[in-house]
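The values are calculated or read from the model by the stated rules, or taken from the named source; none is laboratory data. Being a predicted model, the structure only gives us computed values, none of them experimental. Cβ atoms come from the backbone with ideal geometry, glycine included; neighbour counts cover every protein chain shown.
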Amino acid sequence: MFNDKQNQVLAYELDSSRIKSRSKGNINLSYLEAFDVLETANRIFGYGNWSYSITSLEEVSQETNPNQNIVLCYKAVIVVTVHDMQHAKQVQREDVGFGTGIAKTLADAHEGAAKEAVTDAIKRSFRSFGNQFGNSLYDKSRNQNQPQIQQPQQYSQPSQQQIQQTPSQQQHPQQSHNPYDYSSLYNLGLTILEQGQNLIVMGDDMYNKRDSIKACGFRFDTPSKTWWKPIDQQQVA
């Protein structure tokens, strides 16, 4: 279902800098923020390669607190669908989430509770894909005083205006980890990731694109079947 690079990233330990915490009663809860989970899904699975649908969304309870605010609780059931790069295969995960809306008006309470329930269900559905989506947070023996693990950084594709350099700029080669140096690889549908002190190339059909990859200074490591180069390597014009 997933390619080797996706499996490798999914297996990384959770970066402790991504973990947030909040208190609920006498309990300190650790969690990942919703935007972080969605960005991680885009980074690992790719834009357009995953989606979610709402199976059910219903009100569970309604009451008024001592401050005369309306308190609503909603339950949502969400199905997350993840496709492979060719959209030939897919895997689905389903889970339930709860949300509470507290407001002076009934409409605002409904809105807050519904949104929170859907967000909670999405996060819980992604949790089954492992550490990068917070599954390890449910293991109390892990992530305790855990050192921060450096995660691969995906470079965004530069715009056409950024790629077009002036002659004076071209006379001064930049470091190879500048994403603008790899416009030829981006145009082939490849991605550049930073992993430790190296850059690696990810994408499909890299064998037929090997000449372009070599031209950007990358070398092929046979045991890991990975195209790589040191970050501090200078580009040779």
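When the range 19-31 is examined, which residues are found to be small (Gly, Ala, Ser) and modelled with pLDDT under 85?
Hits for the range 19-31 are Ser23, Gly25.
Please find, within the range 32-56, the residue that is modelled with the lowest pLDDT out of those that are surrounded by fewer than 16 Cβ atoms within 10 Å (Cβ to Cβ) and of a type outside the set (Gly, Ala, Ser).
Top of the filtered list is Tyr47.
So in the range 77-88, with the set limited to residues that are surrounded by fewer than 16 Cβ atoms within 10 Å (Cβ to Cβ) and at pLDDT below 95, which one is nearest to Thr40 (Cα to Cα)?
Ranking the candidates gives Met85 first.
Between a residue in the range 182-203 that is over 23 Å from Gln86 (Cα atoms) and any residue that is aromatic (Phe, Trp, Tyr), which pairs come within a Cβ distance under 6 Å, given they are 6 or more apart or on different chains?
Asn198/Trp228
Please specify each residue of the range 9-49 satisfying the condition of being among the aliphatic types (A, V, I, L, M), closer than 30 Å to His87 by Cβ and outside any helix (DSSP H, G or I). First the steps, then the outcome.
Within the range 9-49, the subset among the aliphatic types (A, V, I, L, M) is 9-11, 14, 19, 27, 29, 32, 34, 37-38, 41, 44.
Filter again for closer than 30 Å to His87 by Cβ, leaving 9-11, 14, 32, 34, 37-38, 41, 44.
Passing the criteria: Ala11, Leu14, Leu32.
Would you be able to say whether some residue in the range 81-91 is in the same structural domain as Asn131 (by TED's automatic domain parsing), among the hydrophobic types (A, V, I, L, M, F, W, C) and in a strand (DSSP E or B)?
Scanning the range 81-91 turns up at least one residue that is in the same structural domain as Asn131 (by TED's automatic domain parsing), among the hydrophobic types (A, V, I, L, M, F, W, C) and in a strand (DSSP E or B).
Taking Gln157 and the conditions (1) modelled with pLDDT of 75 or more; (2) assigned by TED's automatic domain parsing to the domain that holds Ile213; (3) outside any strand (DSSP E or B), which numbered condition does it fall short on, given that it satisfies the others?
Unmet for Gln157, out of (1) modelled with pLDDT of 75 or more; (2) assigned by TED's automatic domain parsing to the domain that holds Ile213; (3) outside any strand (DSSP E or B): (1).
If Tyr74 passes every condition in (1) modelled with pLDDT under 90; (2) among the hydroxyl-bearing types (Ser, Thr, Tyr); (3) surrounded by 15 or more Cβ atoms within 10 Å (Cβ to Cβ) but one, which one does it miss?
The failed condition is (1).
Could you list, in sequence order, the residues of the range 131-148 that are modelled with pLDDT under 85 and in a loop (DSSP other than H, G, I, E, B)?
Within the range 131-148, Asp139, Lys140, Ser141, Arg142, Asn143, Gln144, Asn145, Gln146, Pro147, Gln148 qualify.
If only one of Asp120, Asp36 is touching a Lys or Arg at 6+ places or on another chain (Cβ under 7 Å), within 28 Å of Ile19 (Cα to Cα) and not β-branched (Val, Ile, Thr), which one is it?
Asp36
Would you mind finding the one in Thr40, Thr55, Thr64 that is free of Cβ contacts under 8 Å to residues at least 24 places away in the same chain and among the hydroxyl-bearing types (Ser, Thr, Tyr)?
Step by step, each of Thr40, Thr55, Thr64 is checked, and only Thr64 is free of Cβ contacts under 8 Å to residues at least 24 places away in the same chain and among the hydroxyl-bearing types (Ser, Thr, Tyr).
So which residues in the range 100-117 are closer than 19 Å to Gln68 by Cα and of a type outside the set (Ser, Thr, Tyr), if there are any at all?
If the condition is that a residue be closer than 19 Å to Gln68 by Cα and of a type outside the set (Ser, Thr, Tyr), then Gly101, Ile102, Ala103, Lys104, Leu106, Ala107, Asp108, Ala109, His110, Glu111, Gly112, Ala113 are the ones that fit.
Could you count how many residues in the range 89-104 are of a type in the set (D, E, K, R) and either loosely packed, with under 13 Cβ neighbours inside 10 Å or touching a residue at least 60 places away in the same chain (Cβ under 8 Å) (or both)?
Of the residues in that region, 2 qualify.
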